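To start, the structure under review is shown below, and the notes come after it.
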Amino acid sequence: MRSVLMLGLLATGLAHASATPQDYAVQWPVQAEGDAAAYVLELDAAVLQHVTRADLRDLAVFNADGEPVPFAPWPPEGTDDELLEPVPWLRVPLPQAGQPESLALRLERDADGRLRGLDLRTNDTAPPPAERHDLLVDRGEEPPTISALHVILSDDAALPVNLRVRVSSSGDLVEWRPLVSGQPLVALDDNGLRIERLKLELGRTDARYLRLSIENEGSWPALAGLQTGRHLRSGDERPWQMVSLAGVAVAGQPGMFDYTSPGPMAIERVDVELPTNNAVAAVQVTARDHAEDWWRPVTGFIAFRLGSNGDEVRHVEPAVHLHRERQWRVSTQPALTRPPELRLRYRPERFVLLAQGPRPYVLVAGSVRAQREDYPVKAALAASSSEPAVATLGAMSDAGGAAALAPKRGEDWQRWLLWAILAVGAALVLVVALKVLRQPNQSSP
């Protein structure tokens, strides 16, 4: 039995033989300054395009002795979510043409200090036209910082809506400063397709009062309400990156186009750029890995480009759940004859390595036969009082080259030796069992 145990241990050792940098296709020197105990690396598409696995397990770090260094993903503290909150608003009548905007204010507030009534009168005793007015938003005492206003149209709002909106801010209803201008507010029906852009981008503001004014001809449609949009602080400060992909028409499928992503980036936003202006199409986006036969749904929306000469209005790109697939497909209706540009937005992957062994360290990527072990790096750092330092990458060079990406052909002596050892072990177990069965029962009379 001892021989069987030794054979099993030998087989296990062969099966888990340590990888080397030569088992990976490419490498980068890790530029880690100082004597920190841990370092953080940000890896974008320039690195991820060399990764073969969707779980990023063929990324690893080795020290100068060729030994693997503890290296693991460093996940963000949270996700970016937009919190939508309704806000009270009032119509502010505008003076007639030629009249100065010298206004007398009569304000009524509720117990919480919010506006309940507002009466604005010009110097002229004639009432202003009811169809021309601004919108005044009161966000209350100590309002949080917001980045957008969402306009909700009433069910009986008259279409089409094609306005440009200016937003001003104030803290006292007396002094106003411009916040943004030229923001499109669009709602159209085009051959059964509903085209909408009802989100006003504000940048960042914590002003209590917001005033919405129409810049071009037209009047406000019937509104069901207004909502502020603010991003919940998640602690994820990674910058957004974008890859733009060109499509290829799918044979026999009008309006359908295929795209290939350069690597398994964590895609969180998907958009398409229609090939011509003044165009609209219903878009369905799906994705899959190379080895899969079916397509996963990603998102669907109405894509449009309206206007020209620098005054173009586009749809708002949708946020999606995280996707790492390499193959993407866009279906359009009505069927486009030219492929739209597919735009995928992601944030760089963040990994942390522990400074273990002699330097320099090297990051390796791309392998069909080696993978990174699981290291409890985050637990180790949680017990430390110091934050990881930032490391960067030098120029890429070959490690194992194309051989690391090619499946082994011909005789793989380690695999065959492993099978031989397991076969010998099984034979020994069988021999021992037969000997035991053939021995006479010593306890029988």
Taking only the alpha-carbon positions of the range 241-346 and ignoring solvent, what does the Debye formula give for the base-10 log of I(q)/I(0) at q = 0.14, 0.19, 0.24 Å⁻¹? -0.51, -0.93, -1.42
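Which order results if 231, 133, 321 are arranged by neighbouring Cβ count within 10 Å, fewest first?
Values: 231 14, 133 19, 321 9.
Neighbour counts put them in this order, fewest first: 321, 231, 133.
Based on the mean of other Cβ atoms within 10 Å per residue, sort peptides 329-340, 136-147, 166-177 so the most packed one is first.
The most tightly packed comes first, giving 329-340, 136-147, 166-177.
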By average C-beta atoms within 10 angstrom, highest first, the peptides 236-243, 260-267: 260-267, 236-243
Could you order peptides 42-49, 210-217 by the average number of other Cβ atoms within 10 Å of their residues, highest first? 42-49, 210-217
Net charge near residue 327, counting Lys/Arg +1 and Asp/Glu -1 over other residues with Cβ under 14 Å of its Cβ? 0
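Can you work out the FRET efficiency for the pair residue 288 and residue 312, with r the C-beta to C-beta distance and R0 = 35 Å, to the nearest 0.05? Intermediate values should be presented prior to the final figure.
On the way: r = 33 Å, r/R0 = 0.93.
Between residue 288 and residue 312 the formula returns 0.60.
Going by C-beta contacts inside 10 Å, put 199, 435, 378 in order with the fewest on the left. Each step should come with its number before you reach the end.
On the way: 199 17, 435 9, 378 12.
Result, fewest neighbours first: 435, 378, 199.
What list do you get for 150, 50 if you sort them by fewest beta carbons within 10 Å?
Working: 150 17, 50 22.
With the sparsest Cβ surroundings first, the list reads 150, 50.
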How much length, in nm to one decimal, is gained on full extension between residue 206 and residue 154, taken as 0.36 nm per residue of separation minus their Cα-Cα distance? 16.0 nm
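Every number here is computed from the coordinates shown, using simple stated rules; none is lab data. Keep in mind that this is a model prediction, so the values were computed, not measured. Methodologically, a virtual Cβ is constructed for each residue, glycine included, from the backbone with ideal geometry; neighbour enumeration extends over all protein chains shown.
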